[in-house]
Every structure is written in structure tokens, then in C-alpha cells.
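Colleague: Just passing along the structure, written as C-alpha cells.
The values are calculated or read from the model by the stated rules, or taken from the named source; none is laboratory data. Note that the structure is a prediction, hence the values are computed from the model and not measured. FYI the Cβ positions are ideal-geometry reconstructions off the backbone, even for glycines, and counts take in every protein chain you see.
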Amino acid sequence: MTSPPDDAPQTNEDEDEVEASRAPLLDHLLELRTRIIWALIAVVIAFGICFAYALPIYDFLLRPFTVAAQLVSSQSGNAIVPKLIFTGPMEFFFVKVKLALFGAVILAFPFIAFQIYRFVAPGLYRNERGAFLPFMVASPALFALGASFVYFIMMPMVMRFALMQEQTPDSSRIAIELLPRVSEYLSLTTTLILAFGFSFQLPVVLTLMGRAGLVSAAALRKGRKFAIVGILAFAAFFTPPDVISQIILGVPVLLLYEISIFSVALIERKRDEDEEDAAEKEA
């Protein structure tokens, strides 16, 4: 029996099949549009809240600078008053806008994550939904842990290192004083928060990859030496040029890598047990 030629006219059944496959696609696109609109509304509302409290939020971010100034003052015996400047008429206004946008994304992230889950959940099996939810909870928790690490440990250390570069004037030298711009301080803080927040997502990323079969615990153990080199390079790039700062960043990320190996191994063990049970039932 020969197949119809390619240029044969489509029958009504073919057209119905095309329309049937097109309808679910349109439904998914409409659903995606609705979820995006709700996410944008959440970001806009959060932006308004954060912009209204931009100054208190910025003062909160300045706390590590104040702590570092107090530490350096107590060690050197010279009173250091932390001070920031802005050199453009609209610089501080745009800093508040950027800060409000940054805070809005963080504040609205749980709602955005919920919209993402609601969009993908209908395409998941019941057990897949149960496996997906822990990652939705772990991801923001690990990001908050990384941001807290920056705020309480890294930023005081970075600002302390910067303040120690100051030079007091005397008969043979002039004064060298740290006067960071408000935009530079915000850029440094947000960059570190994002860098640490995303680096702390390592267990989530590797565990998801292990669940998808893209990596294995054996491969992660074998690549440990390469991971150590990469983590140390990352720590050297995002910290002041001293060994202590690099160790403070490198050690937590290495621990997260080891936790990732353990998590992937548990997933592989559970998968093997399920396959054995399925084989026994078939037998």
C-alpha cells in the first residue's frame, strides 16, 4: 500500500488533529501569560513598598560599614566616622530606584516561585510534585543563607579591609580617606549578595541534575579536585586579596559541594531500591 503524496490535500481528520494539538498549546500560552502578569503585579507592588522604605533599607545595608568602622577605630585608636558621597544630582535617587527594584525581586520571589510551580504542576505526576516542592523551599532558604553570610561576615570584612588602607596625615604625608559613592557601595553589596546567594544554590542544582540522571555521586567525587580549584578561584575573585577571606568563602561552598554529593547518592540509592522493587513485582 503506497502512502499519499506529500502534496495531497489534507482531510477533515487531519485538520481536526492539527486543531486538537493547537488548542492545548494556546491554553498553555494563555496560562503562561496569566502567571507572568501576576508575577509582574507582585513585583510592582513590592517595588512600591521597597521604594517607600528605600532609606531605611539602605541604612540597614550600611550596618556592616558601621561595624567595620567601629572595629578599625578600636584597633587604631583613631575615631573613624563612616561617610558616603554622591557626585551626581540624580545619583542617590537612581540608587534608591535600583535598591527598590532589587528588594522587590527578592520580596516577590516566593510569589513568583509559586506562580512557576502552579504553571508546571499540571504536567507533573503526583510523586514528581512531591519531589519538586522541597526544592522550591530549599532554594530561597539557601539564598537567604548566602545573603546573611554576606551581610554578617563578608561585608564587615571587606569594609574593614578597605578602611585599613586609609592614611592619617602628619608632617610627611597627606590624608588618604575612604569616601565611597552610594552607588558603588550598593553595587558591591548587591553583587556579593547575588554571588553568594547563587553559589549557595549548589546543592539544589546538583541534586536536580542527579535526579535527572545528568550527574552521579561517583562523578562528583571524581571531579572533587576540579571543584576545589574552581571554588578557590571563585573565592579569590569575590573576596579581598587575603587568604582568610578566601577561606571564609571557600569552606562553606566546599561543604555545600560535599552535601550535594551526599544528596545525589541518596537519590541514586532510592532509585535503585525502586528499580529492585519493580523487578521483584514483575518476577
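Colleague: In the range 198-218, how many are over 25 Å from GLN246 (Cα atoms), surrounded by 14 or more Cβ atoms within 10 Å (Cβ to Cβ) and not charged (D, E, K, R)? Break it down stepwise before answering.
Modeller: Let us first name the residues in the range 198-218 that are over 25 Å from GLN246 (Cα atoms), namely 207-218.
Applying the additional criterion that residues be surrounded by 14 or more Cβ atoms within 10 Å (Cβ to Cβ) yields 207-211, 215-217.
Still in the list and also not charged (D, E, K, R): 207-210, 215-217.
The qualifying residues number 7.
Colleague: Another question about this same structure. Restricting to the range 186-197, and then to whatever is over 16 Å from PRO252 (Cα atoms) and of a type outside the set (Ser, Thr, Tyr), can you tell me which residue is surrounded by the fewest Cβ atoms within 10 Å (Cβ to Cβ)? Give the derivation first.
Modeller: Narrowing the range 186-197 to residues over 16 Å from PRO252 (Cα atoms): 186-191.
Right, trim to of a type outside the set (Ser, Thr, Tyr) and you get 186, 188.
Values: LEU186: 22, LEU188: 16.
By that ranking, first place goes to LEU188.
Colleague: Same structure, new question: Only residues in the range 64-85 that are more than 15 Å from THR189 (Cα to Cα) count as the first member; pair them with residues that are part of a loop (DSSP other than H, G, I, E, B) and at pLDDT 90 or above, Cβ under 8 angstrom, at least 6 apart or cross-chain, and list the lot.
Modeller: Going by the 8 Å Cβ cut-off, the qualifying pairs are PRO82/LEU62; LYS83/LEU179; ILE85/LEU179; ILE85/PRO180.
Colleague: Continuing with this model, one more query. Is the range 107-115 home to any residue that is exposed (fewer than 14 other Cβ atoms within 10 Å of the Cβ) and either at pLDDT 90 or above or more than 21 Å from the chain's Cα centre (by Cα) (or both)?
Modeller: no
Colleague: Hey, any hits in the range 159-168 for a residue that's buried (at least 17 other Cβ atoms within 10 Å of the Cβ) and either without any contact (Cβ under 8 Å) to a residue 40 or more places away in the chain or over 30 Å from ALA69 (Cβ atoms) (or both)?
Modeller: no
Colleague: Might you check whether a residue that is more than 19 Å from the chain's Cα centre (by Cα), part of a helix (DSSP H, G or I) and modelled with pLDDT under 85 occurs anywhere in the range 212-227?
Modeller: no
Colleague: Considering each of SER183, SER245, SER263 in turn, give the residue that is surrounded by 12 or more Cβ atoms within 10 Å (Cβ to Cβ), touching a residue at least 24 places away in the same chain (Cβ under 8 Å), touching an Asp or Glu at 6+ places or on another chain (Cβ under 9 Å) and small (Gly, Ala, Ser).
Modeller: Values: SER245 fails: touching an Asp or Glu at 6+ places or on another chain (Cβ under 9 Å); SER263 fails: touching an Asp or Glu at 6+ places or on another chain (Cβ under 9 Å).
Only one candidate qualifies: SER183.
Colleague: Exactly one condition in (1) at pLDDT below 75; (2) closer than 19 Å to MET209 by Cβ is not met by ASP242; state its number.
Modeller: Of the numbered conditions (1) at pLDDT below 75; (2) closer than 19 Å to MET209 by Cβ, the odd one out for ASP242 is (2).
Colleague: Right, next: Does LEU249 qualify as being in contact with a Ser or Thr (Cβ under 9 Å, 6 or more places away or on another chain) and either modelled with pLDDT of 90 or more or more than 27 Å from VAL158 (Cα to Cα) (or both)? Break it down into steps so the answer makes sense when it comes.
Modeller: Values: in contact with a Ser or Thr (Cβ under 9 Å, 6 or more places away or on another chain): yes; either modelled with pLDDT of 90 or more or more than 27 Å from VAL158 (Cα to Cα) (or both): no.
The answer is no for LEU249.
Colleague: Return yes or no: is ILE228 farther than 22 Å from PHE143 by Cα and of a type outside the set (Gly, Ala, Ser)?
Modeller: Numbers: farther than 22 Å from PHE143 by Cα: no; of a type outside the set (Gly, Ala, Ser): yes.
The answer is no for ILE228.
Colleague: When you scan the range 181-200, do you find a residue that is of a type outside the set (A, V, I, L, M), modelled with pLDDT of 90 or more and out of contact with any helix residue (DSSP H, G or I) (no Cβ under 9 Å at 6 or more places or on another chain), even just one?
Modeller: yes
Colleague: Same structure, new question: How about the range 133-167: which of its residues are among the polar types (S, T, N, Q) and under 16 Å from LYS83 (Cα atoms)?
Modeller: Correct list: GLN165, GLN167.
Colleague: Being over 24 Å from TYR257 (Cβ atoms), not polar (S, T, N, Q) and not in a helix (DSSP H, G or I) narrows it down to one of LEU179, LEU107, so name that one. Spell out the reasoning first.
Modeller: Values: LEU107 fails: not in a helix (DSSP H, G or I).
Just one listed residue meets the conditions, LEU179.
Colleague: As an exercise: evaluate PRO82 against (1) at pLDDT 95 or above; (2) touching a Phe, Trp or Tyr at 6+ places or on another chain (Cβ under 9 Å) and give the number of the one condition it does not meet.
Modeller: Checking PRO82 against (1) at pLDDT 95 or above; (2) touching a Phe, Trp or Tyr at 6+ places or on another chain (Cβ under 9 Å), the one that fails is (1).
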